[in-house]
Amino acid sequence: MKDYQKRLTKLLAESGSLFFRQGLRLKDGRPTPYFVNLGVFRTGRLSYELGRCFADWMVETGLDKQVDVLVGPSYKGSAIAQTCAVALYEKYGVDLSFDYDRKEAKTHGEATGKGSMMVTGALEKGSRILIIDDVGTSMATKVELLEKLETLGLDLQVQGVSLAVDREQTQAVYDENGRVVEGRKGPDALAAFTEKTGLSVWSLLGIKAAVNYLHESGEPVLVDNQRKPLGDDLLAQVNEYLSVYGREG
């Protein structure tokens, strides 16, 4: 693992952002032995360290030279875009703008008579942007953001999507009544997104690598509300889960 991946994994464990508990469910209704919630990165240090991980990745890939504006889908992505911009400037002297979308258009103040779906006004005609977010299970929020950006009429150049953590799993399968079918592997959400939009999706960290690192290092994680090392039994549960719901390869 690369240094920023190890740091991010430790942050996930330390903060409780990655936790394991019996009876967890995803938003789509499927069971899951673990959950990732970057919303608990709610201190200055945790937020900044997350931004540093993104900044290191961007500089390593060269995307810092190919992007003008970091755009985060509201709500969690907005904080990530901002802290990444701060870390890029503080550590590398790279001064990028950031922006994020509104759930409802602003119609007063500087947006009087226009209606604005974005917050900071950083986007200009032809801006090169990177969409930045926490996780991507269905990629629905990313599609919604792209639709909002399209309505701006700015001919934006979207370089791709960057996620903090890749759950490495497929989409849910539903029956004719709209109920989730458990034990069935659906389509690959990230591949479907790329096929639909033509955009690449990059992740700083995959869940398999994170879990394996925590298992090997003995770093305490939150398991059923108690901090303990990630043992063999829990590792086996995650691997079994991903064999059912995980992406191929």
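A short reminder: the numbers here are calculations on the coordinates, not readings from a lab. Being a predicted model, the structure only gives us computed values, none of them experimental. As a convention, Cβ positions derive from the backbone with ideal geometry for all residues, glycine included, and neighbour counts pool all protein chains shown.
Points worth noting:
- Equivalent-ellipsoid semi-axes for the chain (Cα gyration tensor, √(5λ), whole Å, largest first): 31, 23, 16.
- Its Cα centre serving as origin, the chain has a Cβ charge dipole (Lys and Arg +1, Asp and Glu -1) of approximately 440 debye.
- With the simple model of a label 7 Å out from the Cα in the direction of the Cβ, Asp95 to Ser217 spans 3.5 nm.
- Under 14 Å from the Cα of Lys185 - aspartates and glutamates, other chains or at least 8 residues apart: Asp28, Glu168, Asp175, Glu240, Glu248
- When the alpha-carbon atoms of region 70-214 are used, the pair Rg, Dmax equals 17.2, 54 angstrom.
- For the chain, the 222 nm mean residue ellipticity estimated from helices alone, with every DSSP H stretch of n ≥ 4 adding -39500 (n - 2.57) and the total spread over all residues, rounds to -12000 deg cm²/dmol.
- Dipole magnitude of region 89-222, debye to nearest 20 (Cβ charges: Lys/Arg +1, Asp/Glu -1, about Cα centre): 180
- Distance violations [Cα-Cα > 26 Å] among Lys2/Lys91; Lys148/Lys208; Lys2/Lys148; Lys6/Lys148; Lys2/Lys125: Lys148/Lys208; Lys2/Lys148; Lys6/Lys148; Lys2/Lys125
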